[in-house]
Amino acid sequence: MAMKNDILVVDDDSQIRSALLRLFRKSGHEIVAAESGEAAVKLLEKQPFDLLISDLRMPGMDGIALLRKAKQWDPEIDVIILTGSNSVADAVRAIKYGAYDYLEKPVQGERLLAIVTHIFERRQLKQQARVLEAWEKQNYLYHGMVGKSRPMQLVFQAVQRMARYDSPVLVVGETGTGKDLVAKAIHQISPRAAGPFVAVNGAGLIDSLFESQLFGHRKGSFTGALKDQIGLMEAANGGSLFIDEVGDLSLASQAKLLRALETGEILPVGDTRSRQVDIRLIAATNRNLARDMKDGRFREDLYYRLRGFFIPLPPLREREEDIALLAKYFFRQTVRENGLSVEGFEPRIYEVFEAYSWPGNVRELKQAVTAAAIMASDKLIVIGDLTPELQTFAGSLQEPRVPSAPAPITDRTQPVVPVAPDPRPTLSAGDLSIAHFNKEHVKQVLQLAKGRKGKAAVLLGVSRHTLYRMLKKYDL
């Protein structure tokens, strides 16, 4: 939600007060007017204001005295001083005591609005910075990763512990879970943080050019080698080399990588002398390397070399309590980067997000939030602003969804078919939903859904709100 910006205008001239009231109200600002410095002080004592716009010369308390009083009450308040004179001394005094700007009357409305808009944008950025700082203190934001769930807190702890050592790290997780962010975090808090961080996707390393790409080459060593070129390992010397999708490397490339890791030496193509390199390798994959190793698709010696430290990244569907947090984080990023005026999500959006399975994980959620924020035509993002897939899914969650009887729980259980709710006014649809279930049935569904309340609600055919009532009733 956008910050509410309250403006206090102070001027002994009623015509100027009226003109400023019209100007700012037309622009959607909350504004209060006072005819004197003394009246303004009484208002400042009763409520906080974001901006004070005051005339300089008034009977009794003048604008400078009011400025100083306002800053005593609230050091964060911004102040604009208006004056009918062009005194440099007055301007210097106003700025000295903390005025944001000093404007000579008559002031053009457009210019004043532009200054006020800039003030409020600056305040909003400061507020966002404070919010992010609070998240960091709560461990919700950790080196670009967001999460308060137990699985992510364990990831943060693992990164913190492993960063201090030089052993290779293997990060395993589905596509879109943020393996690259884990790699960057390890580097950023390690003793190698001052060194380079070089990232490469293993799927993009061509087998025939692997040595050239990783170790470098000398001029004329092969067709097209027009100059000496250092490789990725030498570029990462003194820092960290991140190889994403390491499981996509061919067996031949795996052997060359293993040798370089074991010896700490590389031999550029066309060179006769090897070179020492000092790197920390961080590898990532979305594959099951243990299975690939058994199937002969991944070298056993390289697997155990990489698996010195191991960080499994949970898919987003197993971090349900992080979904709203991530959505808000990506929303703020999008609004800030694109200068959008949209203020947030309608409440039902969170219910849809938390019930959805997110096959593309955090990356898919970020893209969905970014697109919705840009497409939104109103102050709040609504279901119609979401992707077609999410809109269709949202439609499947519509209430009422009351099952006729508890179904046996199996791995193949499907969402129950909704039937019409009892029309009697003595029971709501939610009450009927609860009446149709017993404690053991709800407990079984939660186990099947692996504790994910959004998924459990879908399986039971009820809303999250109704599910929470069940959990409260049965003390689950």
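General remarks:
- Among the residues of region 214-233, those that are modelled with pLDDT of 90 or more and out of contact with any Pro (no Cβ under 8 Å at 6 or more places or on another chain) comprise L214, L232, M233.
- Taking first residues from region 280-305 that are in contact (Cβ under 8 Å) with a residue 24 or more places away in the chain and partners that are surrounded by fewer than 22 Cβ atoms within 10 Å (Cβ to Cβ) and among the basic types (K, R), the Cβ contacts under 7 Å between residues at least 6 apart in sequence or on separate chains come to R280/R192.
- Odd one out for A114, checked against (1) assigned to a helix (DSSP H, G or I); (2) of a type in the set (G, A, S); (3) touching a helix residue (DSSP H, G or I) at 6+ places or on another chain (Cβ under 8 Å): (3)
- Screening A355, A327, A373 for residues that are in contact with a Ser or Thr (Cβ under 7 Å, 6 or more places away or on another chain), more than 30 Å from E262 (Cβ to Cβ) and at pLDDT 90 or above leaves exactly one candidate, A373.
- Y350 being free of Cβ contacts under 8 Å to residues at least 12 places away in the same chain, part of a helix (DSSP H, G or I) and among the hydroxyl-bearing types (S, T, Y): no
- In region 458-469, the qualifying residues are those that are of a type in the set (A, V, I, L, M) and modelled with pLDDT under 75, and the one that is surrounded by the fewest Cβ atoms within 10 Å (Cβ to Cβ) is L459.
- Criterion violated by A255 - all others in (1) more than 26 Å from E300 (Cα to Cα); (2) of a type outside the set (S, T, N, Q); (3) touching a Lys or Arg at 6+ places or on another chain (Cβ under 8 Å); (4) in a helix (DSSP H, G or I) satisfied: (1)
- Per the listing G176, G220, G195, G224, the residue uniquely under 26 Å from E320 (Cβ atoms) and not in a helix (DSSP H, G or I) is G176.
- The residue of region 152-170 that is nearest to the chain's Cα centre (by Cα), among those that are more than 13 Å from I189 (Cβ to Cβ) and of a type outside the set (D, E), is M152.
- Of the residues making up region 137-163, those that are touching a residue at least 60 places away in the same chain (Cβ under 8 Å) and assigned to a loop (DSSP other than H, G, I, E, B) number 4.
- Only one of the numbered conditions (1) touching a residue at least 24 places away in the same chain (Cβ under 8 Å); (2) surrounded by fewer than 16 Cβ atoms within 10 Å (Cβ to Cβ); (3) in contact with a strand residue (DSSP E or B) (Cβ under 8 Å, 6 or more places away or on another chain) is violated by F49, and that is (2).
- The single condition among (1) surrounded by 13 or more Cβ atoms within 10 Å (Cβ to Cβ); (2) modelled with pLDDT under 90; (3) more than 26 Å from E343 (Cα to Cα) that A40 does not meet is (2).
- Residue count for region 155-183, restricted to those that are basic (K, R) and surrounded by fewer than 19 Cβ atoms within 10 Å (Cβ to Cβ): 2.
- Any hit, region 362-369, residues being within 27 Å of Q124 (Cβ to Cβ), at pLDDT 90 or above and exposed (fewer than 14 other Cβ atoms within 10 Å of the Cβ): no
- Conditions (1) part of a strand (DSSP E or B); (2) surrounded by 15 or more Cβ atoms within 10 Å (Cβ to Cβ): number failed by F310: (2)
- Test for D166: is it part of a loop (DSSP other than H, G, I, E, B) and of a type in the set (D, E): yes
- Hits in region 313-325 - residues which are touching a strand residue (DSSP E or B) at 6+ places or on another chain (Cβ under 8 Å), buried (at least 20 other Cβ atoms within 10 Å of the Cβ) and in a helix (DSSP H, G or I): D322
- Qualifying residue in region 220-230 (condition: crowded, with 19+ Cβ neighbours inside 10 Å and not polar (S, T, N, Q)): no
- Note on region 1-109: enclosed strands (runs of 3 or more DSSP E) holding 2 or more residues that are under 23 Å from Q127 (Cα atoms) and under 36 Å from the mean Cα position of the chain (by Cα) are 6-10, 30-34, 51-55, 78-83.
The values are calculated or read from the model by the stated rules, or taken from the named source; none is laboratory data. It should be emphasised that the depicted structure is a prediction, and the values quoted were computed from it without experimental measurement. So basically every Cβ, Gly included, is an ideal-geometry build from the backbone, and we count neighbours across all protein chains shown.
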